[in-house]
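Data block below; observations after.
The values are calculated or read from the model by the stated rules, or taken from the named source; none is laboratory data. Because the structure is a prediction, the values reported are computed rather than measured. Here the Cβ positions follow ideal geometry from the backbone for every residue, glycine too, while neighbour counts run over all protein chains shown.
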DNA sequence: GTAAACATGTAACAAGTTACATGATTGC
DNA sequence: GCAATCATGTAACTTGTTACATGTTTAC
């Protein structure tokens, strides 16, 4: 928890709501898609989080009655909530301790059969490569839709910057996987 | 939890014990230093974990009485524990969902003052660069101590491979941070 | 004398995952 | 008919973090 008991998930939610008012369901969808590769949460985390934010005066909701489905709760950020995210966003990002199972397995790879280990890393590399390609497609879409990255307005640039991190991360990861699998193969 | 209720932390611990018998305190030290950048745990997690592993027959301990300090418990991996790690290590690594606060802040950077945001990312970049340099020093030490990476025996290669991931990760991260801060500056 | 290293544990809390629970509408 | 989408929640559980708890030895 950070200031006034708002967790990082809380700030992520506030950040989304700073752009547009959303239902819990919509927040969930965005946590899966654009935001998902650097922060995600299931609905079982989001609904209680929204309730907590409301209790803290960061958001308010109004019910939109629907036929058949439960009432939709549209959450809107308050002035208090907005100033809280704005303050939070420029504070030093704390890099949470990385926990990476694949790197752990590389470190312990001497315990496994080299051929099997090589295959495992080859497959892992493929997965990260595919993910990178998906991000590159989105990047291409942004360029075609929004034009020159140099002239992006702030919100689009922010989106582009996050995506760029995704591309770099996956590329480096895929390269490393391929390197590991090749070395393991040639030694087996 | 994976097979027979062993968590990833459990396997990390078993992996360490596969190389040498260790006390809980020693496991903690290794979780901080060589293993720390891709998997870490405090002693409050390690002691109960060792007890759980022992209850599951994966490790056994014998007490080494000491003067003044509490008895040292030296944990040794069992045949069962060894075959469990060996099986686990070549299974597909599940990439746990990434949660990266800095990338989230980049995505929400449009909410902050550009100058402040740029400074934040510049500082973050410096941190990752320093970390990269620390890893590079270790790499240099390995080369000087162990010779040509090509001829590393399996255990040393495994160590080297994990370190290499650390270098690549930090390099990519630092580059991205610098790129973000430069763009934010030139736009502010 | 003071801090760090050695050595082991427990308790309280926060965060995240999986499963349980309900129910209409829409597209195949 | 069957799965997916829309829409909201709760409960149980696992994992990880921070704080509490104790006590000696060694180096500065």
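All conditions but one from (1) surrounded by 15 or more Cβ atoms within 10 Å (Cβ to Cβ); (2) outside any helix (DSSP H, G or I); (3) in contact (Cβ under 8 Å) with a residue 24 or more places away in the chain; (4) away from DNA strand C (no atom under 11 Å from the Cβ) apply to residue B:40; the one that does not is (3).
How about region A:1-27: which of its residues are within 13 Å of DNA strand C (Cβ to nearest atom) and either within 14 Å of another protein chain (Cβ to nearest Cβ) or buried (at least 21 other Cβ atoms within 10 Å of the Cβ) (or both)? Matches in region A:1-27: A:1, A:2, A:6, A:7, A:8, A:9, A:10, A:11, A:12, A:13. Taken together, A:137, A:76, A:129 contain a single residue that is more than 11 Å from chain B (Cβ to nearest Cβ), within 21 Å of the chain's Cα centre (by Cα) and touching a residue at least 40 places away in the same chain (Cβ under 8 Å), which is A:129. Scan region B:65-115 for residues that are surrounded by fewer than 17 Cβ atoms within 10 Å (Cβ to Cβ) and more than 29 Å from residue B:46 (Cα to Cα) and jot them down. Selection gives B:113, B:115.
For region B:14-37, the candidate set comprises residues that are in a loop (DSSP other than H, G, I, E, B) and over 17 Å from the mean Cα position of the chain (by Cα); within that set, the residue that is nearest to residue B:70 (Cα to Cα) is B:21.
Restricting the first member to region B:88-100 and to residues that are more than 7 Å from chain A (Cβ to nearest Cβ), and the second to residues that are assigned to a loop (DSSP other than H, G, I, E, B), the beta-carbon pairs closer than 8 Å and six or more apart or on different chains are B:88/B:2; B:88/B:6. Within region B:28-57, being within 14 Å of another protein chain (Cβ to nearest Cβ) and under 21 Å from residue B:87 (Cβ atoms) holds for B:35, B:38, B:39. Among the residues making up region A:32-46, those that are in contact with a helix residue (DSSP H, G or I) (Cβ under 9 Å, 6 or more places away or on another chain) and within 12 Å of DNA strand D (Cβ to nearest atom) are A:41, A:42, A:43, A:45, A:46.
The residues of region B:154-174 that are more than 7 Å from chain A (Cβ to nearest Cβ) and either within 21 Å of residue A:94 (Cα to Cα) or modelled with pLDDT under 95 (or both), listed by number, are B:166, B:167, B:170, B:171, B:173, B:174.
Scanning region A:79-102 for residues that are within 20 Å of the chain's Cα centre (by Cα) and at pLDDT 95 or above yields a count of 12.
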